[in-house]
Each structure stands twice: as C-alpha cells, then as structure tokens.
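The values are calculated or read from the model by the stated rules, or taken from the named source; none is laboratory data. Treat the numbers as computed from the prediction; the structure is a model and nothing was measured. In this analysis, Cβ positions are derived from the backbone assuming ideal geometry, glycine residues included, and neighbour counts consider all displayed protein chains. Each accessible area value is taken on the protein alone, full model and side chains, heavy atoms only, with ligands, DNA and RNA left out. Shrake-Rupley method; radii C 1.70, N 1.55, O 1.52, S 1.80 Å.
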Amino acid sequence: MLRRPFTSPGYHTTIKEAEYVHPIIAALDYALAILDSGDELHRERAFNTLRTVLSLQDQQPDSPTFGIWSWFWEEPLAKMSPPDWNWADFCGKRLLLTMIRHGDILPEDLVNLMKKAVSNSCEAIIKRNVGPDYTNIAIMGAFVTLIAGELMQEARYVEYGLARLQRLYDYTLQSGAFLEYNSPTYTTVAILDLSVLAVYTQTEEALNLTNELLDITWKMVSEHFHPLLKQWSGPHARSYHTFLAPSHLSFLYMACGGEIPFIDEDQFDYDPGWYCHGVRCPDRWLHLFTNIGVREVVQSLPESPEFQTRTAYTYMTRDYALGSFNHNVMWNQCRNLMAFVRTDEGERGYMRLRFLHDGYDFCSAVFKSEQKKSSVLFGIQFALDGGDTHVSLDPVHGRIQASDLRVRLEIGFSGRAPECVAITEDTVEAAMGSTTMTVRSLYGAMDGFGPFRWEIAQEESTVCLDYVLYQGDRTEIDFNAMEEGLFLFSLTLSEPAERVESGAMVSPSEHTVQASSLETPEQPISLTLKKKPANRIVLFHS
C-alpha cells in the first residue's frame, strides 16, 4: 500500500496525530493506475495491492459494518468514530473499473475475490439506501450496483441501481439542480461519475437518464462560469476554495476538448481519476464559456427536510459576478453571498460573506437575502437548533461562550489588496478595480450587547470589513433569552458611471423588521426578518 502524509477533515477517523498513513483509496487508485499504464513490469505489484485491500473489507454478513472498509490500514473499522459507509461506494467503484478495464489480465482467483468484495459493497449500498439529496453518493451507489449487476449478471443489483438513478433524476428534474447547488467540487464529482456510468452501462434506460442528468449539470456549470474572470460564479451550496484551483480549470479544459483556453498548457494538471471516464461538455453549452454580456440566472433548489425550497440568484457583467441564496446557514462550506470582480490587468478579486464566532464560521447564524441585479438586501438571524462549527455535529442549543462575534465581508485578491475607507459609522466602501462595493448596516439588535461598529483589517492581499457585535472577555451569549437578535445590511456593486446615492427604508414592527431598498425603484427589493431567535425552519420561512 502507498504511504501518504496524514490529513483528516476531523471526523470519522480517531487518528489525531500521525506523520504518515496508508489510505485504502490511494492503494486502489495506485493499482488501477499501474494496470492502466500497460506497464507489465509492475503488474504483480498491482495484483498484490488489490489482494491487500480486499483483505481489509468487513466480509461478515452479520456485522454492522458489512461491506465497507476503513479509511486507513492503521485504523480498523472498529476504531473509527463512526465508520464511513461511503467507502462501500468509493472502493466498489474502483474495483469495478479495474475488473472492466483489466479483467483479461487479472488472475482468476483475484477476479473471484474482487467479485465477492463488490457484491458485499452492493449489499452495504442497498442496506444504507441513501436518498437523492446526497448527490455524489446517490450517483456512485447507482454506478456500483447497476454496473456490478450487469457485469456479474445479478438482476437484483441492476434493478436497484436503475431505480436509484431514476429517483435522482426525478428529484433533480424538479428544479434542474442538485442539492449541493453549483458546488465546484461536488458538481465535478457528479460529472465524473455520471460520465463513467454513461460509458459502461449496457442498460438503455440508464444511459438515457444519465445523459439527461449530464446535460442539466453542464448547463448549470456553463451558465455560472465567467469567461473573463475564469471563475465559477456563486452562490455555492458547498465549496472548499474560493478561487478556482488549476485542477478545476484543467478539468474544464479537458471536458471542452482543449478548444477553450481555460488554462495555459504548461499549468494543465491531469488527474488519473479522469482516465477513461468519457467526460465531455455538450456542444450546445460551449458558447457560454466564451460569451460574456449581462447574464442573470435564477433557480429554485430541490427541497430537503431542513431547507425546503431555496432560491439561488446570480448576476454577471463583464466586470463582476454577484450571487446569493435567499436563505441558508452560515457553515464554512456555504458561499451564501459572494462576488468575483475584475481589477487591474492580470488580477481578480472576490468578496465572501462570513459570520465568525471566535474566528470560525458559526453555523447557528442564519442568512436571508433578496437580490436584484447588483443590489442585495441581506440579514443575519440566530437559530436555536443549530450547531457551532458544523450544521448538526456540534449543536449549541442556542447558547455559546464567546470572546468575539462578528459579521465579516472578506475581500481577497490575486495581487495587491484594494484601498478601503469608512464613509460613515454605518457605511463602508471597497474599491475593487473599477467596481465599488458599498455596504450599509441598516438595523442591528442583540439584547444585552452593543453598540456595534465597523472595523477594517487589511493585509497584503486581503481586506476584512468586519461588523463587530461583541469583542471582550469570554462571556455567555444566550440567544434563547433574547427578544431581539438580528442584523440587516444592504450591498451594492457599481461602476463609476452607475454611482447613485442609495439607501433603504427600515420598518420595525412588534415581531419583525422589514427593509426596502431605494436603489432599484424599477425592481424593488424587500426583506423581512423575525426579531426573536427561533429554530431554523421558522427563520427560513419568516
């Protein structure tokens, strides 16, 4: 097995400190890459690697972790907290690709062992039976069961895989988007797994469903790509990076057949996991990767038990892209309000809204907004049933200890940071090339705290426009006891010729506060927030 430096997202594994580990997935990728290379010299090494990985699967039918693997050789399943059932999907897919592409050279006994392991994976996948709102696993599980059924002539697996794919299709067709809406990471994963399913399935119905899902997905990607900025416009339901990494631009370059200059060839970063996946953007969407004028995208997201219906809004011009959700939690993977902006030649900038509890994104903060073109009214409320650093893994029950609490508009640049200046105590502006971002605090109340103030911190390539709610000795903040806990803001992007004196009208009532923008009289914006902290579902639908 391959030895790799230890990294962890902080959950599932109980390993906290280790210099190196031997990951299961890396070993399977390594074995497949050796066989894909056609290099006979190391073929036996690939076989031995596969045998080692197969021996690490839980193959006891009466075991609660039957059919899955641990993450690392160093950590058995019994030591994980909890074990990751996704590994039935991830490992099963790689074993299937190895059998399909190299079954003619694999030893017969090894093929039998691999078929047994894949069958175990299918049983684990069927038992778990994830819903269509877990997009990448819904797709990957459909691939493993459907392709395994076809390969091993197991009708039950084929029927399950096809039904699972149909559920995902029906769910996605409601709005034309996945639940992990517009996520650069998860959309790329979805395209890879749908593409490889289309390559290998022998079931016509599955092929038709897969191709339609691919068309829907590529439409969303191309609509949100800014050709001049070479950025994936927001909002993003899940994101790990702000600027697109070379790997994402390389993926798009490959998918468009090398016809569009997403990235210089000397920076092209090929991932062996793309090999033989048949990734190709449909020709009818290619023009959106090169044509830029004014573009407006409004889309409803699929319902989920927590969020029900959300709306995503994106507005793009030649110089910027501004996107927002109408409501969401303030998890660090959510990009609820974000912009990309052209600055000086060769540079680009971004703006990302965050809410920080002692320096880390606070999941019990709830975001709501209304956007029309380049203007947004947005607010922050507080959920009583939310988490701290994660949406659900560390619930705080509406009460936290804190020494610092603040709303942050984080502005980052590929080059030198812009100059920012506070105009009044309620307004800040950021010069981002020829575009100016103006943010105003319209209303703020948090029982027992205040006054609130703007604070600016500037580093070499980053500016933080912070609206400070509390800073001082560590103290308890109990949202359950508050009659008022909410903040309202307006944000506008404008070019020099577009600058107008703007503002908003704020109308408090007994239980709510309403803000109405005065900047867009032809398309008025209005946003209403509840004063009192409440459970998320109440705040989302106020």
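Has region 3-14 got any residue that is small (G, A, S) and either within 28 Å of the chain's Cα centre (by Cα) or more than 22 Å from I105 (Cα to Cα) (or both)?
The answer is yes; a qualifying residue exists.
Just one of A88, A124, A117, A31 is in a helix (DSSP H, G or I), farther than 18 Å from G161 by Cβ and small (G, A, S); which is it? I'd like the intermediate steps shown before the answer.
Values: A88 fails: farther than 18 Å from G161 by Cβ; A124 fails: farther than 18 Å from G161 by Cβ; A117 fails: farther than 18 Å from G161 by Cβ.
Residue meeting the stated conditions: A31.
When you go through (1) surrounded by fewer than 16 Cβ atoms within 10 Å (Cβ to Cβ); (2) modelled with pLDDT of 95 or more one by one for K532, which number turns out not to apply?
The one condition K532 does not meet is (1).
So, in region 356-373, exactly how many residues are over 23 Å from V468 (Cα atoms) and open to solvent by less than 20 Å² (accessible area, probe 1.4 Å)?
Looking only at that region, the number is 1.
Anything in region 11-28 that is touching a strand residue (DSSP E or B) at 6+ places or on another chain (Cβ under 9 Å) and outside any helix (DSSP H, G or I)? List them, or say none. Full working, then the answer.
The initial filter retains those residues of region 11-28 that are touching a strand residue (DSSP E or B) at 6+ places or on another chain (Cβ under 9 Å), namely 11-15, 18-24, 26.
Across region 11-28, the qualifying residues are Y11, H12, T13, T14, I15, A18, E19, Y20, V21, H22, P23.
Condition first: open to solvent by less than 10 Å² (accessible area, probe 1.4 Å) and assigned to a helix (DSSP H, G or I). Now tell me which residues in region 158-183 satisfy that.
G161, R164, L165, L168, T172, listed by residue number.
Within region 189-202, can you find the residues that are in contact with a Leu (Cβ under 9 Å, 6 or more places away or on another chain) and either modelled with pLDDT under 95 or open to solvent by less than 30 Å² (accessible area, probe 1.4 Å) (or both)?
A190, I191, L194, S195, V196, L197, A198, T201
Being open to solvent by less than 60 Å² (accessible area, probe 1.4 Å), in contact with a strand residue (DSSP E or B) (Cβ under 9 Å, 6 or more places away or on another chain), among the aliphatic types (A, V, I, L, M) and closer than 28 Å to T462 by Cα narrows it down to one of L288, L301, L353, L249, so name that one. Break it down into steps so the answer makes sense when it comes.
Numbers: L288 fails: closer than 28 Å to T462 by Cα; L301 fails: closer than 28 Å to T462 by Cα; L249 fails: in contact with a strand residue (DSSP E or B) (Cβ under 9 Å, 6 or more places away or on another chain).
None of the others qualify; the one that does is L353.
Go through region 205-228 residue by residue and tally those that are open to solvent by less than 10 Å² (accessible area, probe 1.4 Å) and not in a helix (DSSP H, G or I).
Residues flagged as open to solvent by less than 10 Å² (accessible area, probe 1.4 Å) and not in a helix (DSSP H, G or I) within region 205-228 amount to 2.
Can you tell me which residue is nearest to A27 (Cα to Cα) among those in region 67-77 that are open to solvent by 30 Å² or more (accessible area, probe 1.4 Å) and touching a residue at least 12 places away in the same chain (Cβ under 8 Å)?
W73
For V439, indicate whether it is touching a strand residue (DSSP E or B) at 6+ places or on another chain (Cβ under 6 Å) and either within 22 Å of D473 (Cβ to Cβ) or of a type in the set (A, V, I, L, M, F, W, C) (or both).
Against the criterion (touching a strand residue (DSSP E or B) at 6+ places or on another chain (Cβ under 6 Å) and either within 22 Å of D473 (Cβ to Cβ) or of a type in the set (A, V, I, L, M, F, W, C) (or both)), V439 qualifies.
Please state which one of L106, L113, L54, L50 is of a type outside the set (D, E), more than 28 Å from the chain's Cα centre (by Cα) and open to solvent by 40 Å² or more (accessible area, probe 1.4 Å).
On the way: L106 fails: open to solvent by 40 Å² or more (accessible area, probe 1.4 Å); L54 fails: open to solvent by 40 Å² or more (accessible area, probe 1.4 Å); L50 fails: open to solvent by 40 Å² or more (accessible area, probe 1.4 Å).
Unique residue meeting the criteria: L113.
Any residue that is at pLDDT below 90, loosely packed, with under 15 Cβ neighbours inside 10 Å and not aromatic (F, W, Y) - is there at least one of those in region 401-415?
Scanning region 401-415 turns up at least one residue that is at pLDDT below 90, loosely packed, with under 15 Cβ neighbours inside 10 Å and not aromatic (F, W, Y).
So A321 clears everything in (1) open to solvent by 40 Å² or more (accessible area, probe 1.4 Å); (2) part of a strand (DSSP E or B) except one condition, right? Which one?
Unmet condition: (1).
Can you name the residue in region 270-285 that is of a type outside the set (F, W, Y) and closer than 21 Å to R94 by Cβ and, of all such residues, is surrounded by the fewest Cβ atoms within 10 Å (Cβ to Cβ)? Working first, answer last.
In the first step, residues of region 270-285 are kept if they are of a type outside the set (F, W, Y); the result is 271-273, 276-284.
Of the ones still in play, those that are also closer than 21 Å to R94 by Cβ are 271-273, 276-279.
On the way: D271: 14, P272: 11, G273: 14, C276: 14, H277: 21, G278: 14, V279: 21.
Residue satisfying both the conditions and the ranking: P272.
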